[in-house]
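Notes follow the structure.
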């Protein structure tokens, strides 16, 4: 992906995205922690079975979007980036499949190990589905000025 | 920590706007909104934009530079808040997700709310939110059980 530095920093440093799945034609958007891998460019989120309605949506319609609009806690200036992509849900290993994202999760939320220590207490929260998103289109608004046209990013 | 989920939908007993769904005091605590609709290619399209609350309780969104398709159908508008923690991570999680339609009105997009879902961890702590979501977890486990047994 040939993204400008400011777009790359959003993917590398923002803590959360606003993730949209589609429920029978209705957009459903929630703030989610996300993970990003640059080679090849892939986005991932994980979802507890407790909050799995969005997974049910994606199994019926894999078209999703991730908006990056909130720089809070990232140390990055505000920019806005939209990623539209195809989601692939993996619930084959609810107990351990998501653990490959723990190093990235720990960087974003250093206190996560405290919650993990109480894993037995929140057993179902830690049963998690992995969602990997292959980006199909990326639009970006430098400095978050969405009153101006977006810049298309080449994948 | 992770995603946040439903606290309340469709009305309730809070102070309401003239539109009858939204607590304007809570809404005014958010700095901007994220408008999402389904675009002509079938993908969700989201854009962040500022908003104001009119004296009449109307939600007026600053018009973003995006395709006009958002005015053709139902949109979702997410108002979200977190506070970054200096040592890493974030807290003070709350959101309000409003579904409705938008129409152009004096240079703004006026949102007509039809349905609301919201969560504020100061009102409903995360552990209680998880407890309330157990039926959904149970349903999901049951839905994938055949593939586990196979």
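See the values below:
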{"quantity": "Approximate spin-label separation residue B:28-residue A:92, in nm, with each point projected 7 Å along Cα-to-Cβ", "calculated": "5.3 nm"}
{"quantity": "Most mobile listed residue (A:49, A:112, A:86) in chain A, GNM with C-alpha springs under 10 Å", "calculated": "A:112"}
{"quantity": "Estimated translational D of segment B:61-123 in µm²/s (Stokes, Kirkwood radius over Cα pairs; 37 °C; 0.692 mPa s)", "calculated": "242 µm²/s"}
{"quantity": "All-pairs Cα distance distribution in segment A:82-155, expressed in whole percent, bin size 5 Å", "calculated": "3, 13, 15, 16, 14, 13, 11, 9, 5, 1"}
{"quantity": "Rh (Kirkwood; distinct C-alpha pairs) - chain A, Å", "calculated": "16.1 Å"}
{"quantity": "Mean residue ellipticity (222 nm) of the protein assembly as shown, computed from DSSP H runs ≥ 4 via -39,500 (n - 2.57), nearest 500", "calculated": "-5000 deg cm²/dmol"}
{"quantity": "Segment B:34-150: Cα Rg divided by the 2.2 N^0.38 Å rule of thumb", "calculated": "1.37"}
{"quantity": "Residue among A:78, A:108, A:59 with the largest mean-square fluctuation in a Gaussian network model of chain A, springs linking Cα atoms under 10 Å", "calculated": "A:59"}
{"quantity": "Rel. contact order, % - alpha carbon contacts under 8 angstrom, at least six apart, segment A:3-56", "calculated": "25 percent"}
{"quantity": "For segment B:80-103 versus segment A:8-83, the gap between their alpha-carbon centres in whole angstrom", "calculated": "13 Å"}
{"quantity": "Most mobile of A:44, A:140, A:117 in a GNM of chain A (Cα contacts under 10 Å)", "calculated": "A:117"}
{"quantity": "Normalised contact order of chain A, rounded percent, pairs of Cα under 8 Å and 6 or more residues apart", "calculated": "29 percent"}
{"quantity": "Residue B:105/residue A:148 FRET efficiency (R0 22 Å; Cβ-Cβ; nearest 0.05)", "calculated": "0.55"}
{"quantity": "Segment A:44-90: translational diffusion in µm²/s, Stokes-Einstein, Kirkwood Rh over Cα pairs, 37 °C, 0.692 mPa s", "calculated": "264 µm²/s"}
{"quantity": "The protein assembly as shown - convex hull of alpha carbons, volume per residue in Å³", "calculated": "132 Å³"}
{"quantity": "FRET efficiency for residue B:71 and residue B:144, using Cβ-Cβ distance with R0 set to 45 Å, rounded to 0.05", "calculated": "0.70"}
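Computed from the coordinates by the stated procedures, all read-outs in this text should not be read as laboratory data. The shown structure was predicted, so the numbers you read here are calculated from the model rather than taken from an experiment. Because the Cβ atoms are built from the backbone with ideal geometry, glycine has one as well, and the counts that use them run over all protein chains shown.
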